[in-house]
Amino acid sequence: MKVKKRTVWMLTLLSLVAVISVYYVQEDPSSRFDGLAIFSNETLDQLAVEETGEVTPVLAQSSLFEEMRMEVANQRSQQREQLEAQIASNELSADQVNEAYSEMEDLAKREATEAMLEMLVQNLGYSDALVRTSDGKVLVTVVSSEQSKAQANEIIYIVMNEWEDAKEVKVEFDDGQ
């Protein structure tokens, strides 16, 4: 079996080398990329900066959300350190070590799920979203000047579809100020 795997790998690598070789043989040498040309004076003169009198504001994410994210990250970091210390200690039984591992996996899964749900909610057109999960309960806070049941239902639908452990979903609206 190992001989077949090595043969397949070798054939794959040889075919890759062949394709790359043919590409470079067929390529016109005068069309190669010159990275230093980007920094020449001629290139800079070609760039034109339009000056309009208008100032477009850039919306920053809610600093309150960032503070809350930092607090949650600190709490989880401390929890992770405690679990790692438990795993490293020789005083625990195998069952207790396995339980600590599963808690660490659950913690990582929750973090990834919260980040994914935040991105999905932001893709609905909200400038920022904060998702917190705990024991099947999900609290979603979004920055929006408009508040409607339809918007809340859309967020609840996405959360329930994407995370099977979500039993109760609550949506809060924040005006971002």
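Solvent-accessible surface of protein heavy atoms, probed at 1.4 angstrom with all chains present, puts Lys5, Lys149 in the order Lys149, Lys5, largest first.
For the range 161-170, 3J(HN,Hα) computed residue by residue from phi via the Karplus equation (6.51, -1.76, 1.60; θ = phi - 60°) reads 6, 8, 10, 5, 7, 6, 9, 9, 10, 10 Hz, glycine and proline entered as x.
Packing around the peptides 125-135, 73-83, taken as the average count of other Cβ atoms within 10 Å per residue, puts them in this order, highest first: 125-135, 73-83.
Highest-first packing order for the peptide set 94-106, 157-169 is 157-169, 94-106, based on the mean count of other beta carbon atoms within 10 Å. Proximity of backbone amide H atoms, modeled 1.01 Å from N, is registered between Val169 and Val138 at under 5 Å, excluding neighbours fewer than 5 places apart on the same chain. Computed from backbone phi, the HN-Hα couplings of the range 95-108 come to 5, 5, 5, 4, 5, 5, 4, 5, 5, 5, 5, 4, 4, 5 Hz, rounded to whole numbers (Karplus: 6.51 cos²θ - 1.76 cosθ + 1.60, θ = phi - 60°; Gly and Pro given as x). Across the range 82-177, the mean sequence separation of Cα contacts (distance under 8 Å, 6 or more residues apart), normalised by length, yields a relative contact order of 22 percent.
For Gln147, no residue whose modelled amide H falls within less than 5 Å of its own remains once neighbours fewer than 5 places apart on the same chain are excluded. With a Förster radius of 35 Å applied to the beta-carbon distance between Glu172 and Lys109, the computed FRET efficiency rounds to 0.90. Measuring with a 1.4 angstrom probe and ignoring ligands and nucleic acids, Phe173 comes out at about 50 Å² accessible. Within the straight-line cut-off of under 17 Å between alpha carbons, the lysines reachable from Lys170 are Lys137, Lys149, sequence neighbours fewer than 8 places apart in one chain being disregarded.
The values are calculated or read from the model by the stated rules, or taken from the named source; none is laboratory data. Here the structure is a predicted model, which means the values were calculated and not measured. With ideal geometry, Cβ positions are generated from the backbone for all residues, glycine too; neighbour counts draw on all protein chains shown. Ligands, DNA and RNA are stripped out before the accessible areas are found, and what is left, the full protein with its side chains, is counted by its heavy atoms. Shrake-Rupley method; radii C 1.70, N 1.55, O 1.52, S 1.80 Å.
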